[in-house]
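J.: My structure is below; once you've seen it, I'll send some questions.
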Amino acid sequence: MRRSKKTLAKFLLFGIVFILLANVLLVGWIKTSGFCESVTTEAAKKSGFGESVTTKAVKTSGFGESNITKAAKTRAFLVIGVPTVRRPKAASYLSQTLKELVEGLEEHEKSEVLILVFITDFNTTVIQSIRKEISDSFANEMNSGLLRVVTAPRSFYPSLENLPRLWGDSPERVKWRSKQCLDYAFLFEYSKDLGEYYLQIEDDISTSKGYLKAIKNFITTNEKRAWSVLEFGARGFIGIMYRTTDIGRLSMFVKSFFWVLPIDILNRYFNDFHLHGNPAWARCRPPIFRHVGTFSSLVGQVRPLEDIKTTDRIYKDSHNPHAEVNTSIISYNRHNITAAYDTTFHGMFWGKNIKIGDYILVHFYTPARVSRLIVESVVVVVACSSEGGLVASVVQRMNPDPLK
């Protein structure tokens, strides 16, 4: 017992010395690097970064007038934060993302949701362009208060120049991910009094219909569980949901370490601290929100499609005649049309950008009598089990009568 106490005392002493030494070294490094000018208290006061976004920085910037409409609603059940920025190569997914978010709600559910679009650009021309795009397409949703568009005062952001190059990232990537952290921190702070729950997504996702009901059911399922977040997306920071009572602290945490790590990793550290080492959070599977954008907001970065995983085929007893199989549908990631016809490995075909008039052509090498035709397709139905896992994957089959 004495030995364990001595060991514990030594451990605590070592930890205290380590923290003090680390602070001394960090302060010394900050002073010599000039980085202190972007994050010190004095710089924060000058920039407004140290203030709550609901106080003086907002009042003096006119931030409260940056909404497209004056429509207001009572405190929502769910606030959906959608940060958006103009992407390179004129790629824009925002309108489709908002369309699916709106259409995914029943009419009576719209009073329970606030979709908050945060334009993160600094360029005023870009801001006006995005505003017009939204107001032209979603005038009714703007007027009803379902959809709101905001911008942040420039004074909210400290200097993003000369940030430390951590983890081997290029200066461009460090600046990009650091600004993204601050964008999210602003959105957290702005949203904390607007609803009961806060859901973070991106501006390039697809949404399952009936998502509010699925979210409510999942909340009920986990009501006896201590949780910091519930996850409704496939990966990263898409579909992460917090209680709004927690996102003020999350905003402060992200503002403190915005230059250290990307937002999806900072989020994980916050969860660890907030939950005091509790196990991994509950994940709704299959996910309700999926990433579909190819072009990142970081210039030069192209992201492949993700989040969709193939499963085993049901029918593996086919004896397809030798044939040449072609299609006008573009295949994705090597899941070509011949894989679906194959009778050895029983693969699958994954097509994208399907349009009216596309075809699949099977040309037999020799005449053959076809006795049965089966087309196996899969539709994922979003629902969550009581354990927070996968509920259902509905397989639709077309089994015509034997051909004559």
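The values are calculated or read from the model by the stated rules, or taken from the named source; none is laboratory data. It should be emphasised that the depicted structure is a prediction, and the values quoted were computed from it without experimental measurement. Positions of Cβ are backbone-derived with ideal geometry, glycine not excepted, and every protein chain shown enters the neighbour counts. Heads up: the accessible areas ignore ligands, DNA and RNA and are worked out on the full protein's heavy atoms, side chains in. Shrake-Rupley method; radii C 1.70, N 1.55, O 1.52, S 1.80 Å.
Results for (1) out of contact with any Asp or Glu (no Cβ under 9 Å at 6 or more places or on another chain); (2) under 24 Å from His108 (Cβ atoms), shown as yes or no for each residue.
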| site | (1), (2) |
| --- | --- |
| Leu147 | no, yes |
| Ala185 | yes, no |
| Tyr197 | yes, yes |
| Ala214 | yes, yes |
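J.: Okay, next question. Only one of these conditions is not met by Phe273: (1) modelled with pLDDT under 90; (2) touching an Asp or Glu at 6+ places or on another chain (Cβ under 7 Å). Which number is it?
T.: Every condition holds for Phe273 apart from (2).
J.: Just need a number here: residues in segment 200-215 that are assigned to a helix (DSSP H, G or I) and hydrophobic (A, V, I, L, M, F, W, C).
T.: Just the residues of segment 200-215 that are assigned to a helix (DSSP H, G or I), to begin with: 211-215.
Imposing the further condition that a residue be hydrophobic (A, V, I, L, M, F, W, C) reduces the set to 212, 214-215.
So the answer is 3.
J.: Restricting attention to segment 164-217, which residues are at pLDDT 90 or above and small (Gly, Ala, Ser)?
T.: Answer for segment 164-217, where residues must be at pLDDT 90 or above and small (Gly, Ala, Ser): Ser178, Ala185, Ser191, Gly195, Gly210, Ala214.
J.: Report yes if Leu78 is under 29 Å from Ile219 (Cβ atoms), aliphatic (A, V, I, L, M) and in contact (Cβ under 8 Å) with a residue 60 or more places away in the chain, otherwise no.
T.: Numbers: under 29 Å from Ile219 (Cβ atoms): yes; aliphatic (A, V, I, L, M): yes; in contact (Cβ under 8 Å) with a residue 60 or more places away in the chain: yes.
When the stated conditions are applied, Leu78 passes them.
J.: Quick one: in segment 218-233, which of the residues that are over 20 Å from Ile115 (Cβ atoms) and of a type in the set (Gly, Ala, Ser) is modelled with the lowest pLDDT?
T.: Ala226
J.: Something else: Take the residues in segment 236-278 that are under 16 Å from Leu187 (Cα atoms), of a type in the set (A, V, I, L, M) and not in a loop (DSSP other than H, G, I, E, B); name whichever of them is most open to solvent (accessible area, probe 1.4 Å).
T.: That would be Met252.
Results for (1) closer than 30 Å to Ser170 by Cα; (2) modelled with pLDDT under 80; (3) aliphatic (A, V, I, L, M), shown as yes or no for each residue.
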{"residue": "Thr294", "(1), (2), (3)": "yes, yes, no"}
{"residue": "Val325", "(1), (2), (3)": "no, no, yes"}
{"residue": "Val362", "(1), (2), (3)": "no, no, yes"}
{"residue": "Ile374", "(1), (2), (3)": "no, yes, yes"}
{"residue": "Val378", "(1), (2), (3)": "no, yes, yes"}
{"residue": "Gly389", "(1), (2), (3)": "no, yes, no"}
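For (1) in contact with a Cys (Cβ under 8 Å, 6 or more places away or on another chain); (2) closer than 23 Å to Gly145 by Cβ, each residue gets a yes or a no:
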| position | (1), (2) |
| --- | --- |
| Gln200 | no, yes |
| Glu223 | no, no |
| Ile240 | no, no |
| Leu250 | no, no |
| Leu266 | yes, no |
